[in-house]
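The values are calculated or read from the model by the stated rules, or taken from the named source; none is laboratory data. As the structure is a computational prediction, the values presented were derived from the model and not from experiment. Because the Cβ atoms are built from the backbone with ideal geometry, glycine has one as well, and the counts that use them run over all protein chains shown.
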Amino acid sequence: MKNIMVTGGAGFIGSNFIRYVFSQKDFKGKIINFDKLTYAGNLENLTDICEKYYDKRYFFIKGDICDRKAVEKTLEKYEIDTIVHFAAESHVDRSILGPEEFIKTNIEGTFILLQSSFNFWKNSKNTRFHHVSTDEVYGSLGPKGYFKETTPYDPRSPYSSSKAASDHLVRAYSHTYGLPVTVSNCSNNYGPYQFPEKLIPLIILNALEGKNLPIYGDGKNVRDWLYVEDHCSAIWTILKKGKLGETYNIGGECEKQNIEIVKKICSLLEEIKPSSKNPFLKSKKYSDLITFVKDRPGHDKRYAIDCSKIKKELGWKQAYDFDKAIRETIKWYISNESWVKSVKDGSYRNWLNKNYSYR
């Protein structure tokens, strides 16, 4: 892992992964962040990394994984030996409203990355293509049971269907062409730098601004919550110890109903930044803002991951419990007002042109 190409490295999980890898004392190589900078790509997520490593060990390429020439040029120029593939359209609601972009990016883009790396690595050794996927490819669970690596795929949305297709492509390149791949399927992530369309940052920021806290249906849909740094450490473990051709499920082992999550955030906000001192609340409590809305189409009832394989075979385990991590997440959003403001008013989209040189 001398030259790691991280696709989608300006996004939520990708930027946290880049920061995590640079914090590892055993990593002495370079990271090339290859990102199209869609609405969820934000280079402000990596200002500290840019200031410390740019032009020495960290490089940014504004590129689309569907652009074969750009991908091939990056592989050759930086002599890439490892690809960690985060780049994807990832929001279920957006996939329901406009599935075409999900099909193009998640399926076609993954294919171009696979074919390009296969062509470039033909005579190389010690290379790796790691594909980051989701537990949503498995479909919906009943009240019991867990998703295992052997669980049949049963995607229910355009998003999860496109990710399922990309997973199959990655495994096909392993079995058919011998491409050195590993795959991971993770549960719901949360933590710093998450774009506020997702549940946890949306609820935090809406509550602070006195806006309604929307919950689909009856709020009893269950998700397994994984702190983003635990996810990053799991991927790093797979890169170092994972067996080629294998899939590893990464979970937080923390099942919560959506309504539980929202009530927990409201409770912690009352402690950290009391509603009585929030001018947006107008004598209301945060919990008074909870609003149930019409359920979205095809809303899976429950996800829960069995991550015993990565624990037993690779020795990974979570470092954060939910109560501690959600508290730290809330504090992060409160303490990073400038980041929140730039995302909400869209000014983060201009940051690249003002402060960054293309490479």
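Return yes or no: is residue 160 crowded, with 22+ Cβ neighbours inside 10 Å, at pLDDT 95 or above, part of a helix (DSSP H, G or I) and not hydrophobic (A, V, I, L, M, F, W, C)? Considered against the rule, which asks whether it is crowded, with 22+ Cβ neighbours inside 10 Å, at pLDDT 95 or above, part of a helix (DSSP H, G or I) and not hydrophobic (A, V, I, L, M, F, W, C), residue 160 comes out as no. Which residues, counting only those in the stretch 308-351, are more than 21 Å from residue 205 (Cβ to Cβ), assigned to a helix (DSSP H, G or I), among the aliphatic types (A, V, I, L, M) and out of contact with any Lys or Arg (no Cβ under 7 Å at 6 or more places or on another chain)? 310, the sole residue that qualifies. Between 264, 256, 198, which is closer than 20 Å to residue 305 by Cα, in contact with a Lys or Arg (Cβ under 9 Å, 6 or more places away or on another chain) and among the basic types (Lys, Arg)? 256 is the lone residue from the list that is closer than 20 Å to residue 305 by Cα, in contact with a Lys or Arg (Cβ under 9 Å, 6 or more places away or on another chain) and among the basic types (Lys, Arg).
Scanning the stretch 304-342 for residues that are in contact with a Phe, Trp or Tyr (Cβ under 7 Å, 6 or more places away or on another chain) and either over 21 Å from residue 251 (Cβ atoms) or hydroxyl-bearing (Ser, Thr, Tyr) (or both) turns up 320, 329, 340, 342.
Sort out which residues of the stretch 285-340 are aliphatic (A, V, I, L, M), more than 30 Å from residue 150 (Cα to Cα) and buried (at least 17 other Cβ atoms within 10 Å of the Cβ), and write them in order of number. Within the stretch 285-340, 289, 290, 326, 330, 340 meet the criteria. For the stretch 209-258, filtering for residues that are among the aliphatic types (A, V, I, L, M), within 20 Å of residue 197 (Cα to Cα) and crowded, with 19+ Cβ neighbours inside 10 Å leaves 4.
Which one is surrounded by the most Cβ atoms within 10 Å (Cβ to Cβ), of the residues in the stretch 10-28 that are among the polar types (S, T, N, Q) and part of a helix (DSSP H, G or I)? Residue satisfying both the conditions and the ranking: 15. Of all residues in the stretch 149-185, which are of a type in the set (A, V, I, L, M) and more than 23 Å from residue 312 (Cα to Cα)? Of everything in the stretch 149-185, those that are of a type in the set (A, V, I, L, M) and more than 23 Å from residue 312 (Cα to Cα) turn out to be 164, 165, 169, 170, 172, 179.
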